[in-house]
Amino acid sequence: MPAADPINCADYERLAEELLEPGAHGYFAGGAGDERTLRDNVEAFRRWRLVPRVLVDVSQVSTATTVLGTEISLPVVVAPVAFQRMANEGGEPAMARAAAGAGTVMCLSTIATSRPSEVAAAAPGGHRWMQLYCFKDREVTEAIVAEAVESGFEAIALTVDAPWIGPRERDLRSGFQVPAEIDVPAVAAATGSDGPVSVTDVFDLIDPSLDWDDLARLVESYEIPIILKGVAAADDAERAAECGVAGIIVSNHGGRQLDSAIATIDAVGDVADAAGDRVEVFLDGGVRRGTDVVTALARGARAVLVGRPALWGLAARGEDGARHVLEILRSETALALALCGCPTPADVRGKHVMSIVR
Ligand code: FNR
Ligand code: LAC
């Protein structure tokens, strides 16, 4: 009997688990330590309930919005996820085409298996952000930024929640490595070697001394806006806004770094209050349904990012699968907006959500 067609993100998650080699699946699916934060990112959405408004004309509902002035057709952006050719041979170029086809932004990881210029060439009409790890080797870091700017990437998403590697126990047990046949250009540039790459090798390259003074300098020196990725606290959001960042991504790296870190949906409200109108606030971690997207908007996010859902789509069915996941999230978001009495994402307010934890 043929497998039933996937109709939601969970179906794609199961398909990906069946198809991926166990070590790669453990790397993609896993989190830090006891994986409390990994689970809690998803479960915390269940502690919030939508409070619909009725008798609003929802004969026309649009999921379109803007992020940093760029129009996107749904408030869901593709999060940076490393090593995408390990999920599917199409890799990051296929993900870029899926995002462009769905009318949204793709954020490319520094630890990608294709160069920024190749990804740009694969989806020329698409919008892209470049995720940046500041390597100890600043020349290599600057070369990555220069290639991204040259290739038309529109913002730098500087990841700051991973100065040390989180305890990825699944990878420790499996000995996960990216085989030498799969290029990881940024790592090769920094190490001068084309050998197999482990996650520890990657984190050895990252500069753990990066601080607020560095951020202020980067904001000054880069030609494109900086989005700070990996913020959980309101006072950090305040400081980021003072440094002149254009955006903040409330993120705990998908539960892969500090285990026991606060779930992002629980953190985003205070961050959005601190950021006010100065900085656009985004959230990632645990978004699996259109109702999660609307909950995040109600708590103050302008849009969300999805990491694993898009990746499961890519792993299961390449570009078409990643695109289908985004289309599923679009139609679920449209339905949740309609049933909340919100014809557009901009109509979603704090009053549309309530915590059930008292
Ligand atoms: C990530 N994430 C990540 N973040 C980043 O800034 N640079 C990176 O290279 C990676 N790599 C990476 C690999 C894998 C396998 C995962 C699952 C995640 C974190 C990612 O951008 C995002 O914060 C989370 O994935 C969001 O959580 P969900 O959507 O996966 O629940
Ligand atoms: C990870 C890195 C590469 O989470 O960001 O595996």
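The values are calculated or read from the model by the stated rules, or taken from the named source; none is laboratory data. Please read these numbers as outputs of a predicted model, since none were measured by experiment. Cβ atoms come from the backbone with ideal geometry, glycine included; neighbour counts cover every protein chain shown. Note: areas computed on protein heavy atoms with side chains; ligands, DNA, RNA excluded. Shrake-Rupley method; radii C 1.70, N 1.55, O 1.52, S 1.80 Å.
Values as computed for the structure displayed
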read-out	value
Residues of the range 246-264 satisfying the condition of being open to solvent by less than 10 Å² (accessible area, probe 1.4 Å), more than 11 Å from ligand 1 (Cβ to nearest atom) and in contact (Cβ under 8 Å) with a residue 60 or more places away in the chain	Gly247
Candidates Arg53, Arg47, Arg36, filtered to the one that is under 28 Å from Ala112 (Cα atoms), of a type in the set (Lys, Arg) and open to solvent by 50 Å² or more (accessible area, probe 1.4 Å)	Arg36
Members of the range 67-88 found to be away from ligand 2 (no atom under 16 Å from the Cβ) and touching a residue at least 40 places away in the same chain (Cβ under 8 Å), listed by number	Val67, Leu68, Thr70, Ile72, Ser73, Leu74, Pro75, Val76, Val77, Asn88
Qualifying residue in the range 209-224 (condition: aromatic (Phe, Trp, Tyr) and more than 14 Å from ligand 1 (Cβ to nearest atom))	yes
Single residue of the range 82-102 satisfying the filter (over 20 Å from Ala189 (Cα atoms) and open to solvent by 30 Å² or more (accessible area, probe 1.4 Å)) that is farthest from the chain's Cα centre (by Cα)	Glu89
Test: residue in the range 128-136 that is open to solvent by less than 30 Å² (accessible area, probe 1.4 Å), of a type in the set (Phe, Trp, Tyr), under 19 Å from the mean Cα position of the chain (by Cα) and within 16 Å of ligand 2 (Cβ to nearest atom)	yes
Failed item in (1) open to solvent by 20 Å² or more (accessible area, probe 1.4 Å); (2) β-branched (Val, Ile, Thr); (3) closer than 25 Å to Arg289 by Cα; (4) touching a Gly at 6+ places or on another chain (Cβ under 8 Å), with Ile72 passing the rest	(1)
Matching entry among Val67, Val105, Val61, Val81 (being more than 16 Å from ligand 1 (Cβ to nearest atom) and closer than 28 Å to Val279 by Cβ)	Val61
Filter result for the condition that a residue is open to solvent by less than 10 Å² (accessible area, probe 1.4 Å) and touching a His at 6+ places or on another chain (Cβ under 7 Å), over Ala123, Ala157, Ala162	Ala162
Residue under evaluation Arg358, criteria (1) surrounded by fewer than 19 Cβ atoms within 10 Å (Cβ to Cβ); (2) touching a residue at least 40 places away in the same chain (Cβ under 8 Å), criterion not met	(2)
Unique match (being without any contact (Cβ under 8 Å) to a residue 60 or more places away in the chain, of a type outside the set (A, V, I, L, M) and within 16 Å of ligand 1 (Cβ to nearest atom)) among Arg128, Arg170	Arg128
So Glu17, is it assigned to a helix (DSSP H, G or I) and either touching a helix residue (DSSP H, G or I) at 6+ places or on another chain (Cβ under 9 Å) or within 16 Å of ligand 2 (Cβ to nearest atom) (or both)	yes
Unique residue being away from ligand 1 (no atom under 16 Å from the Cβ), more than 25 Å from Glu18 (Cβ to Cβ) and either at pLDDT below 95 or charged (D, E, K, R) (or both) when the list is Glu89, Glu154	Glu154
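Every residue, every condition in (1) surrounded by 18 or more Cβ atoms within 10 Å (Cβ to Cβ); (2) over 25 Å from Ala263 (Cα atoms); (3) away from ligand 2 (no atom under 15 Å from the Cβ); (4) at pLDDT 95 or above, yes or no:
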position: Leu205; (1), (2), (3), (4): yes, yes, no, yes
position: Pro208; (1), (2), (3), (4): no, no, no, yes
position: Ala216; (1), (2), (3), (4): no, yes, yes, yes
position: Glu220; (1), (2), (3), (4): no, yes, yes, yes
position: Arg239; (1), (2), (3), (4): no, no, yes, yes
